[in-house]
Amino acid sequence: MTASVYDIALTTIDGAPSSLADYRGKVLLVVNTASKCGLTPQYEGLEKLYREKKDAGLEVLGFPANNFNGQEPGSEDEIKQFCALTYDVSFPMFSKISVAGDDIHPLYQQLTAAQPAAIGEGPMREKLVGFGIEANPAPAVLWNFEKFLIGKDGKVVARFAPDTTADDEGLRKAVDAALAA
């Protein structure tokens, strides 16, 4: 039996030891983030969703990752400052991790195994190919800002493609259903 997502050791962006157990009983939207990506403006929508739903039990959790074209080159301090100053991010952020490849973090190993396919994959894969970028094959994370929705029971209930924004109707319905469960 695999360990629960709650058991995996994490580190906050401030360097403190942490785990998802700190959020047990809440609905979690886990997002791999980057500061220098075309999708970076999604921070704004994620923050809005977080502020709107946190009192209902939603936590948006940001995991900076430099896996895709070096789009998260900064240190934790630089990332934290960028998020605060540019998007007024108040949701929890974690230290930079790898979300794909040989050095994939155990959290992302578990998330991708639990939910191998993303919902609502739009034109993102084709766009990457158009830019001459070889897209990761499923079940690997495709790009920055892929989203995993974890229910109150710690089980992954949905996975959303990078180009699915926080105001997407399908994503919002999934969040609301998880909050109501």
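FYI, it's all coordinate maths here, none of it is from the lab. All of these numbers come straight from a predicted model, not from anything done at the bench. All Cβ positions, even for glycine, are placed from backbone atoms using ideal geometry, and neighbour counts span all protein chains on display.
List of remarks:
- Charge tally for Gly70 (other residues, Cβ to Cβ under 13 Å; Lys, Arg +1; Asp, Glu -1): +1.
- Asp22 paired with Ala117, simple spin-label distance in nm, labels 7 Å along Cα-to-beta-carbon: 3.5
- Scanning residues 5 or more positions from Thr12 or on other chains, those with amide H under 5 Å from its amide H are Ser18, Ser95, with H placed 1.01 Å from N in the peptide plane.
- A convex hull fitted to the Cα coordinates of segment 90-181 yields 119 cubic angstrom per residue.
- The chain: calculated mean residue ellipticity at 222 nm from DSSP helix runs of at least 4, using -39500 (n - 2.57): -8500 deg cm²/dmol
- Stokes-Einstein diffusion of segment 101-153 at 20 °C, 1.002 mPa s viscosity, Kirkwood radius from Cα pairs, rounded to a whole number: 175 µm²/s.
- A simple rule links phi to the HN-Hα coupling: the Karplus curve 6.51 cos²θ - 1.76 cosθ + 1.60 with θ = phi - 60°, which for segment 127-144 gives 4, 4, 4, x, 8, x, 9, 7, 6, 5, x, 4, x, 4, 4, 6, 6, 4 Hz, with x for Gly and Pro.
- Taking Cα centre as origin and charging only the Cβ of basic (Lys, Arg, +1) and acidic (Asp, Glu, -1) residues, the dipole magnitude of the chain rounds to 400 debye.
- Geometric extent, Cα atoms of the chain - Rg, Dmax (angstrom): 15.0, 43
- Candidate lysines for bridging to Lys155, where Cα separation is under 22 Å - those fewer than 8 sequence places away on the same chain excluded: Lys26, Lys53, Lys54, Lys147, Lys173
- Extending 7 Å from Cα along the Cβ direction at Ser98 and again at Ser4 yields two label points whose distance is 2.9 nm.
- Ranked by how many other beta carbons lie within 10 Å on average, peptides 136-149, 102-115 from highest: 136-149, 102-115
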